[in-house]
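Worksheet: one structure, shown below.
Rule-based calculations on the coordinates, nothing more; no lab input. These numbers come from a predicted model, not from an experiment. Every residue, glycine among them, receives a Cβ derived from its backbone with ideal geometry; neighbour counts consider all protein chains shown.
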Amino acid sequence: MHLGRFTARFALLVSCCLLTAQPAFARFWQCAPYAREISGVEIYGNAHSWWEQAAGRYQRGTTPKVGAVLAMASSRRMPMGHVAMVSKVVSDREVLLTHANWSRRGQIERDVRAIDVSTAGDWSEVRVWYGPIGDLGRSSNPAHGFIYPDADASDIEHPLVMAPSTTVAVDRAVVAQ
């Protein structure tokens, strides 16, 4: 084989490998590490253990709040359970979730619909958007409830943003001068 042909084939092979390689920062996400990273709830281990681990460390309840982690129980179809962060509360029985490893293995989904289908309205049974069918999943999943992070981000005032009343007072003082 000629050196030129060998070089051309080698360059083609390297090019193909580089085009299909994933960047070093690409991750295959599981739900628990992803939920921990985006919510600030510092619990480790499989998702089915989060509810019990949260006892005494975090507030838990049945009311959805932005930033809270919905902890789903293990079941025959979901032996490791599942955790997802609430990204928006639509109503007391509907939220949008951000989570990983649900519809597509290892992938992140943002703002997907989840509804409470429990008869008591206590989020003990939920249906979650499932990408491959483009709708809520056909079956419901058992859930424990919500784990609330230590602080609600909406209650924390950013140090660089002044409260509206302060801004108005400053504006009036400037206008008066």
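Grab the Cα-Cα distance for Arg138 and Arg104, subtract it from 0.36 nm times how many residues apart they are, and report the gain in nm with one decimal.
10.6 nm
Counting other beta carbons within 10 Å of each residue's own, what order do Tyr148, Tyr44 fall into, fewest first?
Taking fewest neighbouring Cβ atoms as first place, the list is Tyr44, Tyr148.
Taking +1 at the Cβ of each Lys and Arg and -1 at the Cβ of each Asp and Glu, which of Ser91, Gly40, Gln59 sits farthest along the dipole of the range 17-135 towards its positive end, judged by Cα position relative to the Cα centre?
My answer, from the dipole projection, is Gly40.
Once fully extended, how much extra length lies between Gln53 and Ala120, figured as 0.36 nm per residue of separation less the alpha-carbon to alpha-carbon distance?
21.7 nm
Taking the number of other C-beta atoms within 10 Å as the exposure measure, put Thr63, Thr119, Thr98 in order starting with the fewest.
Result, fewest neighbours first: Thr119, Thr63, Thr98.
Counting pairs of alpha carbon atoms under 8 Å apart in space and at least six apart in sequence, what relative contact order in percent does the range 31-153 give?
28
How would you rank Arg60, Arg138, Arg110, going from fewest to most other Cβ atoms within 10 Å of each one's own Cβ?
Least crowded to most crowded, the residues run Arg138, Arg110, Arg60.
Is there a quick way to get the dipole size of the range 31-153? I mean about its Cα centre, with the Cβ of Lys and Arg at +1 and of Asp and Glu at -1; what is the value in debye to the nearest 20?
400
On full extension of the chain, what length is gained from Arg113 through Glu94, given 0.36 nm per residue of separation minus the C-alpha to C-alpha distance?
The Arg113-Glu94 span can extend by a further 6.1 nm.
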